[in-house]
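Contents: one structure, followed by commentary.
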Amino acid sequence: MTIKGKAYIAGIFEHPTRHAPDKSTAQLHAEVAKGAIEDAGISKDDVDGYFCAGDAPGGAWPMVDYLGLNTKKLRHVDSTETGGCSYIIHLGHAAEAIAAGKCSIALITLAGKPRTGAMPPRAAGAEADFESAYGATTHNAYGMCAMRHMHDYGTTSEQLAWIKVAASHHAQYNPHAMLRDVVTVEDVLNSPMISDPLHRMDCCVVSDGGGALIVTTPEIAKSLKKPLVKLIGHGEAMKGPRGGKDLDLTYSAGIWSGPRAFAEAGITPKDIKYASIYDSFTITVLMQLEDLGFCKKGEGGKFVADGNLISGVGKLPFNTDGGGLCSNHPVNRGGMTKILEAVRQLRGEAHPKVQVKNCDLAIAHGTGGLLGVRHAASTAILERV
Amino acid sequence: MSEAKKYPAPVTNPETAAFWDAAKQGKFMIKRCTACGEAHYFPRSICPFCYSDKTEWEEASGEGTIYTYSLMRKSPTGPYAIGYVTLKEGPSVQTNFVDCELEKLKIGQKVKVVFKPTDGAPLPFFTPV
């Protein structure tokens, strides 16, 4: 069994807002749902599958009701919660459900307001008493990974800075991006240290907003008007300290999700023309590129240096919307926007200054949770038909 | 400094109560599986490696080396350093480094356990030897 080619992304929408004091979280979900449904050219009453994660107020059933989805038709829901990569996992699960005939038009939504509202609390895990007092945050959990990566492989802050530099080159063309100024390696190194060895400019933005996808069957996608983008490979995986045995924070669960996706797609990293790589921090990108096989473990620093991730300059254009580092990071969850920009690239709808020529194969990869503690990863490989 | 910091009391539960009871005596406990011989942390009743239920409490030396760390420069309670210590007995544990110059921490540095009070059982931290 495979999901290769059995599901297409027929509708996408990214909320233009980055600051939404005048909107509710549920409202943002509705606005992105409406946007993706209109982009696909379908009716909301056609939706028969709904996918959401921990950012959806109350979970799937209150959202299905609030969104006014057609409950006579809706026959598949999935509220898998894996942090920022939830939506990449949802994409794979939607393809599985579509391949199994459990739904034919799936809606996936993400939205929230970390800048102007409260974030939903995360339920305590079995580890709580043994960890929560130590104050693991995104900054220091990724900082711990970067510190060990530098120790083991000689990775430098200058190399990490190149990732932010590349993102900023792309963000200058995105009118919705929060940070549109092109920055230099020196700018990153001169920005304040937040949690060693990560500087402020190694960190992504905090933004309100959201995004949504419509995933459907090949037949329905071909009856619609949008350029055809199909899912040809998908992988998901999880990693944690596992009782503290053989702790190694220099690799992520992407080391498992990536090969699964590439094997299903029947391609290799060399075939990829455009890469959306979750950029919660610069170190996240560097580790994911290694784990996905774009370079060897430990060589990520060399790989990202000297503009290699800049569209039109380097060998692997990445995050051409400016990514989480410069454009947005809705609800502190970057998986959805990774898929959205990959689809834009495959459709030829990216900004002309960053559009990759003949972009026929793209990857969207994300992590969720804390890379230095326990996390999930998901990889999607998409092809323009 | 971290001495002034107020730490939350562990909630505790039947599976981990013995750990916290020992902590009150200044003992740092790990679990070891008598079926496969592996030690693990944080403690579980079922061995996460071989799924045997023959796990036993063992007092650890409390000594280890810093696997990695990150110094959080600002927080509502001031700077703090989070990290992992690889214990002499094998498992790596998440912790904070205390009672030291945080800027001088190094990967590979030798550290030992030190308990800090809460309103309930004390919590384990590590400090350079």
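Seen against the Cα atoms of chain A and their longest principal axis, helix A:157-171 is set at about 40 degrees.
Phi angles across the stretch A:257-269 convert, under the Karplus curve 6.51 cos²θ - 1.76 cosθ + 1.60 with θ = phi - 60°, into 3J(HN,Hα) values of 5, x, x, 4, 5, 5, 5, 5, 6, x, 10, 10, x Hz, Gly and Pro given as x. Among B:Arg44, B:Arg32, B:Arg73, which one shows the biggest mean-square fluctuation in a GNM of chain B, springs joining Cα atoms closer than 10 Å? Maximum fluctuation in the GNM of chain B, among the listed residues, is at B:Arg73.
Across all directions, the average flat footprint of the convex hull enclosing the Cα atoms of the stretch A:230-385 is 8.6 nm². Using 0.36 nm per residue and subtracting the Cα-Cα separation, the extra length available between A:Arg242 and A:Ser43 on full extension is 67.1 nm. The angle separating the long axis of helix A:138-153 from the principal Cα axis of greatest extent in chain A is about 50 degrees. Taking one equal scatterer on every alpha-carbon of the stretch A:107-160, how large is log10 of I(q)/I(0) by Debye at q = 0.19, 0.23, 0.29 1/Å? Treating every Cα as an identical point scatterer, log10 I(q)/I(0) equals -0.90, -0.95, -1.13.
No solvent, one uniform scatterer per C-alpha: report log10 I(q)/I(0) for the stretch A:49-160 via the Debye equation at q = 0.15, 0.20 1/Å, two decimals. Listed by q, the Debye log ratios stand at -0.84, -1.07. Estimated at 0.36 nm per residue, the fully extended path between A:Arg115 and A:Lys315 surpasses their Cα-Cα distance by 68.5 nm. For chain A, the Cβ-based charge dipole about the Cα centre amounts to some 820 debye (Lys, Arg positive; Asp, Glu negative; other atoms uncharged). Computed from the C-beta positions of A:Leu228 and A:Ala60 and an R0 of 30 Å, the FRET efficiency is 0.60 to the nearest 0.05. When the stretch A:73-197 is described by a simple charge dipole with +1 on each Lys and Arg Cβ and -1 on each Asp and Glu Cβ, the residue from A:Ala133, A:Ala123, A:Pro175 located farthest towards its positive end is A:Pro175. When the Cα atoms of the stretch A:122-188 are aligned to their principal axes, the ranges along those axes come out at 45, 33, 14 Å in descending order. Report ³J(HN,Hα) in whole Hz for each residue of the stretch B:44-59, in order, from the Karplus equation J = 6.51 cos²θ - 1.76 cosθ + 1.60 where θ = phi - 60°; Gly and Pro get x. The phi angles translate into 10, 7, 9, 4, x, 9, 10, 6, 6, 9, 8, 9, 10, 6, 9, 6 Hz. Stretching A:Arg180 away from A:Ala100 to a fully extended chain increases their span by 24.5 nm, per 0.36 nm per residue minus the current alpha-carbon distance.
Stokes-Einstein D for chain B at 4 °C, 1.567 mPa s, Kirkwood Rh over Cα pairs, in µm²/s? Answer from the Stokes-Einstein relation: 84 µm²/s.
Our compactness index for the protein assembly as shown, the C-alpha radius of gyration over the empirical 2.2 N^0.38 Å, is 0.98. About its Cα centre, the stretch A:218-340 has a charge dipole of approximately 280 debye under the convention of +1 per Lys or Arg Cβ and -1 per Asp or Glu Cβ, with nothing else charged. Relative to the longest principal Cα axis of chain A, at what angle does helix A:282-292 sit, 0 to 90 degrees, rounded to 10? That works out to roughly 70 degrees.
Applying the Karplus relation 6.51 cos²θ - 1.76 cosθ + 1.60 with θ = phi - 60° to the stretch A:366-376 yields 3J(HN,Hα) values of x, 10, x, x, 10, 4, x, 10, 9, 7, 10 Hz, where x marks Gly and Pro.
Relative intensity of the stretch A:306-385 on a log10 scale, I(q)/I(0) at q = 0.12, 0.19, 0.24, 0.26 Å⁻¹, equals -0.36, -0.85, -1.21, -1.32, per a Debye sum over C-alpha point scatterers of equal strength in the absence of solvent. Within the stretch B:1-43, the ratio Rg/Rh, alpha carbon atoms throughout and Rh by Kirkwood, equals 1.09.
Laboratory data are not the source of any read-out in this text; all were calculated from the coordinates shown. Since the model is a prediction, treat every value here as computed from it, not as a measurement. Note: ideal-geometry Cβ built from the backbone for every residue, glycine included; neighbour counts use all protein chains shown.
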